[in-house]
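A short reminder: the numbers here are calculations on the coordinates, not readings from a lab. Treat the numbers as computed from the prediction; the structure is a model and nothing was measured. For neighbour counting, all protein chains shown are included, and Cβ atoms are generated from backbone atoms with ideal geometry for every residue, glycine included.
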Amino acid sequence: MLASLHTAFPDREYRIEDIIAEGDKVVCRLLVSGTHQGVPAIPIEGGMLNTHPPTGKPYQVQHIHIFRMANGRIAEHWATRDDLGLMQQLGIVAAA
């Protein structure tokens, strides 16, 4: 997955906006940005990038990741990403 992300967005950056921990949960809010420069080998970011050539367009979206920790390790992970916003910024999906 990481190799495909790097192929599609070689300049992809993750900027941590917030990290909050309570009990066995850690929440991380990120701003993720990059430029669409390649076609990934596997379906990533909603799977729509595999059918479109690189647009050369930049994007910036928010991700929220929640981790459940156990014995000092990540036991579970949930994520919410703005894939629609990403596709709209890249021009793959029309903005409303």
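Observations on the structure shown:
- Scoring residue 44 on the criteria (1) within 13 Å of residue 87 (Cβ to Cβ); (2) in contact with a Phe, Trp or Tyr (Cβ under 6 Å, 6 or more places away or on another chain) leaves a single failure, condition (2).
- The number of residues in the stretch 53-62 that are farther than 17 Å from residue 82 by Cβ and loosely packed, with under 15 Cβ neighbours inside 10 Å comes to 2.
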